[in-house]
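The values are calculated or read from the model by the stated rules, or taken from the named source; none is laboratory data. Bear in mind that the values here come from a model prediction, so they are computed numbers and not experimental data. Positions of Cβ are backbone-derived with ideal geometry, glycine not excepted, and every protein chain shown enters the neighbour counts.
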């Protein structure tokens, strides 16, 4: 019964979406007959793009320094590898907080 | 009333060929129709996955260490591999040898998070329960209560808060600026980043896999060359490999940071 209800609702929404598409195509956006406006600027995508700059630079620095230090002292690789992954995850966290915000602003 | 809409990746207009376009994954893909309901309590797929992962952890470690022998045989080998990994890579560097009492907690935490993450690439299941915020949130709440409670119990509330706010060796004139920032950072920002790091990693990974899986299907229906859909499929395979690494890494990081915060509660980290 629940399943039938949900399927019915889905079909209704699908039909409504097509109806709305027809209405949007017919009238100009922003007018009283058509409250749907087209968004030129997706704020969430812009926010995430800006937020990804810092962690991008940071992760590049971390891995670059790791490669450099192994080039200087190859026997330190085992000890440094732990720090590598910890540093990578901590820096990546900021970029991923940004992508979580993207879903809130969408 | 109908706030639960999606059954997996179903969208209002997902019939290709009717000009609906690419059914891009959205936040609706993380809401599931309940499998059954008792009154207002809805039991849905992430809850089932969390139960399954708990059972797996319990059954595996019970079977591995049921009759432990000095020379390990069978499942005990695998269980020892897991436990020694947690002990030598996570526990010993942070807590030292006398922190071995924390091994059951940290290994359960590590394997629980890791198995839940892995469910994101297991067929039929295909959903990491840790990508719903409530599961990392409750784990982080446990860790927060642990490191605040133990710190206040062992060092006294005021002294522990002072240790959290004032790093040693800081000149006195910077303290009015530094202490509030450090206090906020250690008491409030730490649980926030700990939970959001795990949650957002799994969310982003799941969405990435969804994008390329849906693209593989969508490009097949577009009456263009097969090679485009094939390229999307190959990229999906590569991203699944990346997800394997990220899942293990995020479980590792969560456990390492837990051990670090607990060690800071025992004695001042500075």
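Quick notes
- So residue A:56, is it within 28 Å of the chain's Cα centre (by Cα), under 28 Å from residue B:90 (Cα atoms) and in the same structural domain as residue A:101 (by TED's automatic domain parsing): yes
- Selection of the range A:61-99 for residues being surrounded by fewer than 16 Cβ atoms within 10 Å (Cβ to Cβ) and within 9 Å of chain B (Cβ to nearest Cβ) yields only A:82.
- For residue B:253, the requirement of being assigned to a helix (DSSP H, G or I) and either within 14 Å of another protein chain (Cβ to nearest Cβ) or closer than 29 Å to residue B:92 by Cβ (or both) is met.
- Against the list (1) under 26 Å from the mean Cα position of the chain (by Cα); (2) surrounded by fewer than 17 Cβ atoms within 10 Å (Cβ to Cβ); (3) under 30 Å from residue B:148 (Cβ atoms), the condition residue B:237 fails is (3).
- Remark: pairs (first residue in the range B:169-192, within 27 Å of residue B:258 (Cα to Cα); second residue at pLDDT 90 or above; Cβ separation under 7 Å; 6+ apart in sequence or on different chains) = B:190/B:261; B:191/B:140; B:191/B:144.
- Members of the range B:209-227 found to be within 26 Å of residue B:129 (Cβ to Cβ) and in contact with a helix residue (DSSP H, G or I) (Cβ under 7 Å, 6 or more places away or on another chain), listed by number: B:209, B:210, B:212, B:213, B:215, B:216
- Test: residue in the range B:107-117 that is farther than 25 Å from residue B:129 by Cβ and touching a helix residue (DSSP H, G or I) at 6+ places or on another chain (Cβ under 9 Å): no
- Of the helices (runs of 4 or more DSSP H) entirely within chain A, those holding at least 1 residues that are at pLDDT below 90, out of contact with any strand residue (DSSP E or B) (no Cβ under 6 Å at 6 or more places or on another chain) and farther than 21 Å from residue B:195 by Cα occupy A:2-26, A:43-51, A:77-105.
- The criterion of being surrounded by 14 or more Cβ atoms within 10 Å (Cβ to Cβ) and over 28 Å from residue B:213 (Cα atoms) does not hold for residue B:41.
- You will find that of B:198, B:230, the residue that is closer than 20 Å to residue B:129 by Cβ and either at pLDDT 90 or above or not in a helix (DSSP H, G or I) (or both) is B:198 and no other.
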